[in-house]
Amino acid sequence: MRRGAIVRITLIGVVVAILTSLVAILIPWLPDPASKQMDRIEFAYWFATVICIGIFAVVMGVLLYSIFAFRVAPDDDSDGPSIHGNTNLEIAWTVVPAVLVIAIGVLSAVVLSQNGNAGTNPMTIKVIAQQFAWRFEYPASKGVKSNELVMPVDRNITFEFESLDVIHSFWIPQMGQKQDIVPGIDTHIVVTPTREGTFTLVCTELCGLGHATMRAPVRVVSQQAYDAWVKKQQSGGGAGGADAGKTVFASAGCSACHAFTPAGSTAEVGPNLDNVAAAAKKAGEDPAAYVKESIVDPNKVVASGYQPDVMPGNFGDSLSAQEIDALVTYLTAGSQ
Ligand code: CUA
């Protein structure tokens, strides 16, 4: 090939590489990392992206140069030159991609293995998923259950997952790690938060009508603030009496599907609960008994306009008798 051609191809390639790099760098494709695992994932992502930009620049350089250099007159219908193989070129386009793909594969394997390593003395948090709510249990801190995920910063945390009904998926975008939660299969992942802040846990597996509302707040705090939080949770969190029902309403995920003015929820997946007491009276039933039945045996009476089997049928098992009573009191007192 003539030297002039190589210079032109190189120039086009450099311009393409610069433009593509600007697209990669200037647009915030990934969230600000908040875990060690996400740092590694981001490194693997950039490693592959840089390789892709390089290959794209070479291809575009040759392509754009050829479009102009080998252009023929519009009425030229003659055959092009007959070209046979070029051994050097064929070796190059086989070996170079093979090396690059192997490099990406090896790097990914290393990142996967490091991200799965919980190190020494990890802290375990149990994650219980159900339509359409998250609950967190802290086995090392006796009795601590929460509907908000609170984690100390710079600590290896092993999440152990359990689903009470269908397949859900655990994902905090800034922390990278993502894991399906399948009923009957024990799964876990490791997350090491690297900065304090508030995040959102989202469900990323279509799990029913309320899937889009299946979110939970996540808070990463200092070890000191975490210890204080655990203590507060163990002493009952200051909630009791009338507040107990409100706490259960939030932690059991009721607000993901039901509108209820005292709780400030406006969801429309299930019936509005503001007039549940009136509905019970209309049906000639005791409001408390009616509400309780709707919680523990939701398919017995399904409100008109709604489908059966949308409301989870296992609250009778997943909530304690006290929690159900508190919820019933809260709902009957807060509705008309
Ligand atoms: Cu749970 Cu989507």
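Taking only the Cα atoms of the stretch 208-306, the radius of gyration and Dmax are 16.8, 54 Å.
Our summary gives the chain a relative contact order of 14 percent, counting only alpha carbon pairs under 8 angstrom and 6 or more residues apart.
Our helix-only sum for the chain, with -39,500 (n - 2.57) per DSSP H run of n ≥ 4 divided by its residues, gives a mean residue ellipticity at 222 nm of -14000 deg cm²/dmol.
You can think of it this way: the chain between K300 and E160 has 47.1 nm of extra reach, that is 0.36 nm per residue less the Cα-Cα gap. Pairs of Cα atoms nearer than 8 Å and 6+ residues apart set the relative contact order; for the stretch 123-234 it is 30 percent. Each DSSP beta bridge with both residues in the chain is either parallel or antiparallel, and the antiparallel ones are about 70%. Using a cutoff of 8 angstrom between alpha carbon atoms and counting only pairs six or more residues apart, the relative contact order for the stretch 241-334 works out to 33 percent. Dimensions of the chain based on its C-alpha atoms, expressed as ranges along the principal axes with the largest first, amount to 92, 54, 34 Å. Taking a straight Cα-Cα cut-off under 15 Å and skipping sequence neighbours fewer than 8 places away in the same chain, the aspartates and glutamates within cross-link reach of K300 are E285, D309.
For the chain, find the longest principal axis of its Cα atoms and tell me its angle to the long axis of helix 321-334, 0 to 90°, nearest 10. Roughly 80 degrees between the two axes. Around the Cα centre of the chain, unit charges on the Cβ atoms of Lys, Arg, Asp and Glu (plus for the first two, minus for the last two) sum to a dipole of about 940 debye. Helix 87-115 and the longest principal axis of the Cα set of the chain meet at an angle near 20°. For a straight C-alpha distance cut-off of 16 angstrom, the aspartates and glutamates reachable from K281 (same-chain residues fewer than eight places away being disregarded) are E293. Loop sites here are trypsin sites (Lys or Arg not before Pro) outside DSSP states H, G, I, E and B with no more than 13 other Cβ atoms within 10 Å. The longest part of the chain free of them is 196-299. Positive contributions from Lys and Arg (+1) and negative ones from Asp and Glu (-1), summed over other residues with Cβ under 10 Å from the Cβ of F136, come out at +1. Just to verify a number: FRET efficiency for T124 and Y45, C-beta to C-beta distance, R0 = 35 Å, to 0.05? About 0.75, to the nearest 0.05.
Working note: Karplus 6.51/-1.76/1.60 with θ = phi - 60° gives the stretch 267-284 the couplings 5, 10, 5, x, x, 5, 9, 5, 10, 5, 5, 5, 4, 5, 5, 4, 7, x Hz, where Gly and Pro are set to x.
Coordinate-derived values only; no laboratory data. Quantities reported herein were computed from a predicted structural model and do not represent experimental measurements. Please note: Cβ atoms are built from the backbone with ideal geometry, for glycine as well, and neighbour counts cover all protein chains shown.
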